Amino acid sequence: MNNKSKQLVLKQTHQEILNIVTDNCALNAYEIFELLKKRNLKNISQTTIYRALNYLVEHYLIKPISLNDGHTRYEAITKDNHHHHFICTECKTLFPLEYCPIKENPDLLPEKFEVKFHNFELFGICSKCHQ
């Protein structure tokens, strides 16, 4: 059996974090920690959370994103939930964008390149702050 055919087995901590990241948009480690505490997983340290996040990133289950706020944030990698973001630089609100330049224009990639994940964020002023 080769590595690609092996079934990935997640520990309870990994699965809980994956569930939280899948159910929410662009969470940082502290926000994940707070949500785990609400799920009665209070004995988990922040070190354990960072290790679990790294493990999930290494196995392409979640992706790190930067919204230029000084925190790494995480989102699930799913076919059903692929989106990007517009971030208002005034109110810091995050708006999901359904458009994907890579999905809409696959010919942008060099031949025989395989994308594992990608990020596309736009920064500007939202309509509410623009008034």
Could you run through region 76-88 and say how many residues are among the β-branched types (Val, Ile, Thr) and loosely packed, with under 12 Cβ neighbours inside 10 Å?
-> 1
Kindly indicate whether any position in region 93-109 is in contact (Cβ under 8 Å) with a residue 60 or more places away in the chain, closer than 22 Å to LEU56 by Cβ and outside any loop (DSSP other than H, G, I, E, B).
-> yes
Number of the condition not met by ARG73 [criteria: (1) surrounded by 13 or more Cβ atoms within 10 Å (Cβ to Cβ); (2) among the charged types (D, E, K, R); (3) closer than 12 Å to THR13 by Cα] | (3)
Just for region 110-131: of the residues that are part of a strand (DSSP E or B) and in contact with a His (Cβ under 8 Å, 6 or more places away or on another chain), which one is surrounded by the most Cβ atoms within 10 Å (Cβ to Cβ)?
-> GLU121
Within region 54-101, how many residues turn out to be over 18 Å from ASN19 (Cβ atoms) and of a type in the set (Phe, Trp, Tyr)?
-> 3
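Since every read-out is calculated from the coordinates, none of them should be taken as a lab result. All values derive from a computational prediction rather than experimental measurement. Because the Cβ atoms are built from the backbone with ideal geometry, glycine has one as well, and the counts that use them run over all protein chains shown.
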